[in-house]
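Below you'll find the structure, written out as structure tokens, and then a few comments.
Just so you know, all these numbers are worked out from the coordinates, no wet-lab data involved. Being a predicted model, the structure only gives us computed values, none of them experimental. All Cβ positions, even for glycine, are placed from backbone atoms using ideal geometry, and neighbour counts span all protein chains on display.
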Amino acid sequence: MLWTNLFLLFWLSLVPFVIRWLDESAFSSGATACYGIVLGLSAIGYTFEEREAKWRRTA
């Protein structure tokens, strides 16, 4: 569970930096793509975390 939590927290910690980059670059395509990647990987991390918690509850 530690690794899934670290994965999720790592990607969530990048959100403020990507938002600042979006603001400074006036929504350039590179910044927008990075924003989507960071949010997508955060969603994947949350899914991993949720599955791990369900698996540990039933085991």
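What order, most packed first, do the peptides 20-32, 1-13, 37-49 have when packing is the mean number of other Cβ atoms within 10 Å of each residue?
Values: 20-32: 11.8, 1-13: 13.6, 37-49: 15.2.
Descending mean neighbour count gives 37-49, 1-13, 20-32.
For the stretch 9-26, take each phi angle, set θ = phi - 60°, evaluate the Karplus expression 6.51 cos²θ - 1.76 cosθ + 1.60, and give the result in whole Hz per residue in order, putting x for glycine and proline.
Coupling constants for the stretch 9-26: 5, 4, 5, 5, 6, 7, 4, x, 5, 5, 5, 5, 4, 4, 5, 6, 9, 6 Hz.
Evaluate the charge dipole of the stretch 2-58 about its Cα centre and quote only its size in Debye, nearest 20, assuming +1 on the Cβ of each Lys and Arg and -1 on the Cβ of each Asp and Glu. Before the final figure, lay out each step's value.
Working: 5 positive and 5 negative charges, 63 e Å.
Charge dipole of the stretch 2-58: 300 debye, to the nearest 20.
Angle between the Cα long axis of helix 29-58 and the longest principal axis of the chain, 0 to 90 degrees, nearest 10?
With both axes taken from Cα atoms, the answer is about 10 degrees.
I need the calculated FRET efficiency for the pair ARG56 and VAL15, taking r as the beta carbon distance and R₀ as 35 Å, to the nearest 0.05.
On the way: r = 27 Å, r/R0 = 0.76.
E(calc), rounded to 0.05, equals 0.85.
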